[in-house]
Amino acid sequence: MMTNRTLLFARLFLIGSLAMWGCANQGSPEGGPYDTEPPRLVSASPQMKATEVKDRRFVLHFDEYIKLSSEQDKIIVSPPQLQPARITANGKSVTIHLEDTLKKDVTYGFYFGDAISDNNEDNPLEDFGYLVSTGKHIDSMQLSGQVVDALTYEPVADLLVGAHYASSLTDSTLSRELFPFVSKTNKMGHFTMRGLPDTTYQVFATKDNDRNYKYNEKSEGIAFNRTNYRTSLRDSMRTDTIRIDSIVRRDTLHRDSLVTYPHTYYFPNDIALRYSVPTQVREGVERHSRPDSLICRIEFLAEPKRIPHLRSLDRPMKADSTIYWATAKGRVVDYWLRDKELIAQDSVRFILTYPKTDSLMAVHEVTDTLTFLRPKVRTERKAKKGEVEKSPLHLAFSAAKGIQAETPKDSLVLTASRPLAPFRQEVIHLEATTDSVYKPLSFTLRQDSLDRLRYEVLFARAYGGKYRIRIDSAALQDLYGAPSDSVAFAQSVQEEKELGHLVVTLQGVKEHALVQLLDKSDAVLSAQLAHVVSSPTPQRATDSLSTASETTDPMLETLLKQQRGNAQTASKLPDTTRLAPPDTERPDTLLKVPVEQCQVSFRDLKPGDYYLRLIIDTDESGDFTPGDYPKQDPEEVYYCPATFAIKKGFTTEERWDIHAVSPFSAKPEALRKTKPEEGKKKREDKNIEYYKRWGKKKK
């Protein structure tokens, strides 16, 4: 028999074993928090900002294993190197070897952007730079800013940013001389150029596709703003908020600490450049062909403004209208042969006179002889017994898509697959509902001047209207006698109560105001020129209490004088007023100055969110015109920071002061396609979840 002591010991042993087993199976251990910190430079040879450097080999040592991005072109060496530098990573070190001979008394800067990252979590060391000098001192000035697309204000990454001395800059400097100082834009378009002598610069940005550190090809694009930037610095104090993220003291994760330390601010630090690619229209013929026996096709380098004229060498005495029928769509012009003998020939020859751009971008008229060879005849498939042969002529109706669909601004287009023989408009039947009954409706048929296979059916549409159109079988024929099949189409317009309207008054502009209506993808839905609206007539703003100044009450008179003094403080005046010139009779009189303004309206909009963009269309092209250095700046562009919510049956009226917000920050967040990387934020969020789990288990 077991004694009581033995029984107690057995029970305690069993309970302890069960407790230990339960603890051991609560879950697998975690690997600790995510690493969110980038590598840190611990030493360099030569050291950072070393002077009188003679060796062309530099070694950088970091506190953890690192790797270099495969995109080595992110790394910039300033001044530019004719022979690319050899840059390699091994373990915790980066080695730089310059192939070019070192220049005397020059500060060398190595800008890695985000090319260096740790080996495990890919945390990039952003905006990292390394400076040394071959002279006795380091040029320590800096300039920084951002490059954005001139139209969309989206950041432009991987651009070469170059600075030239403003004192020696001419119109041809960019194409003749290398940039003496260079940097590169990161994913958000930001750049910092270090190691500059203290002087005045002009700053540019380009793609530099040929990597010659010049701007000598318009296709590379250019960002510029003609401003002279004088470098400067200011020693001050800087206060940062630091989050304590300690593994030992996890309860301090959400505690913030303020740290103040000496800091040097370098200026300018807000350079804003707009990048665009100059419009280059090259004229000429790209290719010519004969897809079948009927068509002679010419594809031009640019879309022709009119259909080029052909002269037949095979039938020189015949009128052109009896030889071919021409139509254009985009850059392609099709010449449909009408002469039966030419159609049957294996080759036909024409003389074409057209504009051609030479190597110097000058346009000249040239004349060429074009020979069109008929392709091999394909064996036609035999029709099955009882199968009706299809006509080669096809007709189709189509309506507008997008914002104008099912509104009074909708369209109706008839498209033919082959040239149509002359026909009477009466063969097209258009009807509209009246009291639920379809009745004939008059219309106008307009043939496109270039795309002559396209006919627009023009008629007035009413809210809630329903329309249908049809062409009966064999009502139309092509030039070769083939009949058309029947075709029909129905169209309707929404009720006015289902649509909304937008009216916007623009302040700060009165001419060349091209306003574009955008959707949430930044796509243009519609565009209109704003019209000038009458401004208030300049008026004298008289103090309503001025008549009381004649009172004998000294207290009231003192208060009135104080009010007049406040009214004459220019900094407290609204933007639409200014002080009038001195007036001997009424020195307290103000003059209201009319504000330049114009108005634009977009009617019949479907409910939803819309955005606005303004282009100062100075050349009246109806679209944005990019810059062309040094002749022309890109046209000014402004985004409205507001979102316009259109509701059914309502007219939304708003005012937009285009100068109230900087155009570089005005673009609504919903339209921005390029946003700061969220990788680090996601890792921090995971750490928060990790610490929460740790805290729960600790309990």
(request) Whole Å is fine, so just give me how far the alpha carbon centre of the range 90-150 lies from that of the range 340-373. (result) 55
(request) Any of K305/K520; K329/K497; K67/K520; K329/K401; K401/K510 with alpha carbons more than 30 Å apart? Name them for me. (result) K305/K520; K329/K497; K67/K520; K401/K510
(message) How large are Rg and Dmax for the range 284-407 when calculated on the C-alpha trace, in angstrom?
(response) 18.6, 63
(message) From the phi angles alone, apply the Karplus equation (6.51, -1.76, 1.60; θ = phi - 60°) to the range 208-219 and give each ³J(HN,Hα) in whole Hz, x where the residue is Gly or Pro.
(response) 6, 4, 8, 6, 10, 6, 9, 10, 10, 9, 4, 5
(request) Report relative contact order for the range 41-275 in percent, whole number only (criteria: Cα-Cα under 8 Å, sequence separation at least 6). (result) 18
(message) Regarding the range 41-275, what's the average projected area of the Cα-atom convex hull, expressed in nm²?
(response) 14.9
(request) Would you kindly derive the ³J(HN,Hα) couplings of the range 295-305 from the backbone phi angles with the Karplus curve 6.51 cos²θ - 1.76 cosθ + 1.60 (θ = phi - 60°), listing them in order in whole Hz, with x for Gly and Pro? (result) 10, 10, 10, 10, 10, 8, 6, 10, 5, x, 7
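Using 1/(1 + (r/R0)^6) with R0 = 51 angstrom and r between the beta carbons of R238 and D619, what's the FRET efficiency to the nearest 0.05?
Details: r = 46 Å, r/R0 = 0.90.
The value I calculate is 0.65.
Let me have the relative contact order for the range 421-494, percent, based on Cα pairs under 8 Å that are six or more residues apart. All intermediate terms of the calculation are to be shown ahead of the outcome.
Details: 119 pairs, mean separation 22.0, N = 74.
Value for the range 421-494: 30 percent.
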(message) Whole angstrom only: what separates the Cα centroid of the range 253-329 from the Cα centroid of the range 37-71?
(response) 45
(message) Once you place label points 7 Å from the Cα toward the Cβ at A344 and K673, how far apart are they in nm?
(response) 5.6
(message) For W656, W325, which order do you get if you count the other beta carbons within 10 Å of each Cβ and list the fewest first?
(response) W325, W656
(message) From Cα pairs below 8 angstrom and at least 6 apart in sequence, can you work out the relative contact order of the range 285-373, rounded to a whole percent?
(response) 29
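Each value in this text was obtained by applying a stated rule to the coordinates, not by laboratory testing. What you are looking at is a predicted structure, and each value in this text was computed from that prediction instead of being measured. Glycine also receives a Cβ, built like all others from the backbone with ideal geometry; neighbour counts cover every protein chain displayed.
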